Amino acid sequence: MRYVIAFFFPWLSLMLQGKIGSGIICLLLQITIIGWVPAFIWAVTALNRMYEDRRTNKIIHEMKR
């Protein structure tokens, strides 16, 4: 579902991740048609990074047990 949001509303995807400043900049990019593609790529990259961080934190937590 987050990838669908990242496709249509990249700025919202970033804001839902807690990146308010990046979301505002992404909104400014999305306003232009040319900037929408980089905004989408930015949002998807940020989503992938968030999921990677969650996996890494889960592995570290399990290793500490």
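The values are calculated or read from the model by the stated rules, or taken from the named source; none is laboratory data. This one's a predicted model, so the numbers in the text were calculated from it and none came from an experiment. Every residue, glycine among them, receives a Cβ derived from its backbone with ideal geometry; neighbour counts consider all protein chains shown. Protein only, heavy atoms only, side chains kept; ligands, DNA and RNA dropped before computing areas. Shrake-Rupley method; radii C 1.70, N 1.55, O 1.52, S 1.80 Å.
In the chain, what percent of the accessible surface is made up of carbon and sulfur (1.4 Å probe, ligands and nucleic acids excluded)? Mind showing how you got there, number by number?
Numbers: 3420 of 4810 Å².
Roughly 71 percent of what the probe reaches on the chain is carbon or sulfur.
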List, in order, the whole-Hz ³J(HN,Hα) value for each residue of the stretch 43-60 obtained from phi through the Karplus relation with A = 6.51, B = -1.76, C = 1.60 and θ = phi - 60°; use x for Gly and Pro.
5, 5, 4, 5, 5, 4, 5, 5, 5, 5, 5, 5, 4, 5, 5, 5, 5, 5
Helix-derived mean residue ellipticity, 222 nm - over the chain, DSSP H n ≥ 4, -39500 (n - 2.57), to 500
-29000 deg cm²/dmol
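Excluding S13 itself, what net charge comes from residues whose Cβ is under 14 Å from its Cβ, given Lys and Arg +1 and Asp and Glu -1?
Values: positive: R2, K19, R49; negative: none.
Here the charged neighbours net out to +3.
Explain nothing, just the number: dipole magnitude of the chain about its Cα centre with +1 on each Lys and Arg Cβ and -1 on each Asp and Glu Cβ, in debye rounded to the nearest 20. Could the numbers behind the result be given before it?
Numbers: 8 positive and 3 negative charges, 65 e Å.
Result for the chain is approximately 320 debye, rounded to the nearest 20.
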Å² of accessible area per residue within the chain, as computed with a 1.4 Å probe and no ligands counted
74 Å²
What are the semi-axes of the equivalent ellipsoid for the stretch 14-65, taken as the square roots of 5 times the Cα gyration tensor eigenvalues, largest first, in whole Å?
30, 10, 5
